[in-house]
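First comes the structure, then the notes that go with it.
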Amino acid sequence: MSVIAGVGMAVPEQRVTNADFEARLDTTDAWITERTGIKERRVAADGEKTRDLAVAAGAAALKDAGLTPDDVGLLVLATATPDQALPATAAFVQDELGTRGGAFDLGAACAGFVYGLVVASSMLANLEGSALVIGAETLTRIVDPDDRSTAVLFGDGAGAAVLLPSVDGRGLLAWDMGCDGSAAGLLEIRPGESYLRMDGREVFRRAVRVVVESAEATLRRAGMSASQVDVFVPHQANRRIIDAAASRLGIPEDRTVVNVDRYGNTSAASIPIALAEAAADGRLQDGQLVLLSGFGAGMTWASALIRWGS
Ligand code: ACO
């Protein structure tokens, strides 16, 4: 079992607002706000890479945990937007940060961070030191800038968490992971193409269902109910998906972390960015029950129930 000993995040400086899209696409701030809840997103500068965001978020999480890269015995980088096909982007991040032990990329799209959390947690008992799990993306590079149905949805950024073995029952209590590859065609970059294609309406429908089912399975495994959840941190894809899932779970709005308005969908980075912001705002208190749930291309999904504190 593992505890989250520190969290951190990094986003590019450049903001792109809905008004910026209004100026060059057939869309409106009102449409984007009403259908998605997104007001602005961050976009990586020319030359700013997934690895740069990952390194900054990883360093911030280590600082938050009071640890150094030398204390890290495993680096897991969840990303759908690696800098190049070979080697893994994790190799560059390992080199820049100077972590020890293995380093690999994990591809589970927007569920990637929670997948990474579970994988690293399971390996922790056999590691010397902590595990660093990072979700980092430059998604705006795989979105067609002229396609209004996808361009407005995504943003760039990174978030990270440092895992240490639990000594007092705090930490990861239960988890759930799934994949339905028969739905892969709903959200994909086809071979030979540069930009993602998405059946938004069908992804929406399935997203609400898998988030609710996965969160409920996780709670059941821990012998808990949704009413006991203090803070719900869902993947930030669309405000309407978040609201629908939280409402079906019976988790009130004031216990649900939402920042999709400021960052859009940052895929594997969205949950750790939301966690880092919630921690910085003092929303995550020692002993609280925190529920994470993500879904993404694949389709993949994963949830984790954490007793907060280290
Ligand atoms: N501005 C104005 N109109 C638009 C825009 C836009 N930016 N985008 C689409 N439209 C139009 C469509 O063309 C369509 O017009 P039509 O009726 O004339 O054909 C109309 O708006 C309605 O389109 P829908 O797709 O039905 O709109 P919907 O309410 O479903 O919202 C959205 C679309 C926001 C994409 C929604 O379906 C959604 O959020 N889906 C989930 C997407 C998601 O979560 N993806 C991430 C998965 S995670 C990962 O792995 C990356």
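Before moving on, here are some points about what is shown:
- In order through the range 192-201: 3J(HN,Hα) via Karplus (6.51 cos²θ - 1.76 cosθ + 1.60), integer Hz, x for Gly, Pro: x, 9, 9, 10, 6, 10, 9, 8, x, 5
- The charge dipole of the chain, taken about its Cα centre with unit charges on the Cβ atoms of Lys, Arg (+1), Asp and Glu (-1) only, comes to about 720 debye.
- The equivalent ellipsoid of the range 167-287 has semi-axes of 27, 17, 14 Å, largest first, where each one is the square root of 5 times an eigenvalue of the Cα gyration tensor.
- Extension gain for residue 182-residue 149 works out to 9.6 nm (0.36 nm per residue, less the C-alpha to C-alpha distance).
- Positive dipole terminus of the chain, leading residue within 280, 291, 226 (C-beta point charges): 226
- Dividing the C-alpha radius of gyration of the range 1-158 by 2.2 N^0.38 Å, with N its residue count, gives 1.13.
- Sequence-distant residues sharing a close amide H with residue 130 (under 5 Å, placed H): 72, 73
- Here the chain carries DSSP beta bridges of which approximately 70% are antiparallel, counting only pairs with both residues inside.
- Dipole of the chain, positive end: most advanced residue of 18, 264, 1 [Cβ charges, Cα centre]: 1
- Panel values: the chain, Kirkwood radius from alpha carbon pairs, Stokes-Einstein at 10 °C and 1.306 mPa s, translational diffusion coefficient 84 µm²/s.
- Three-way shape call for the range 247-294 based on the alpha-carbon gyration tensor, with the a/c threshold at 1.5: oblate
- Beta bridges by DSSP in the range 2-165, antiparallel share as percent, to the nearest 5: 65 percent
Each value in this text was obtained by applying a stated rule to the coordinates, not by laboratory testing. Keep in mind that what you see is a predicted model, and the values were worked out from it rather than measured. Note that each Cβ is placed from the backbone with ideal geometry, even for glycine, and that neighbours are counted across all protein chains shown.
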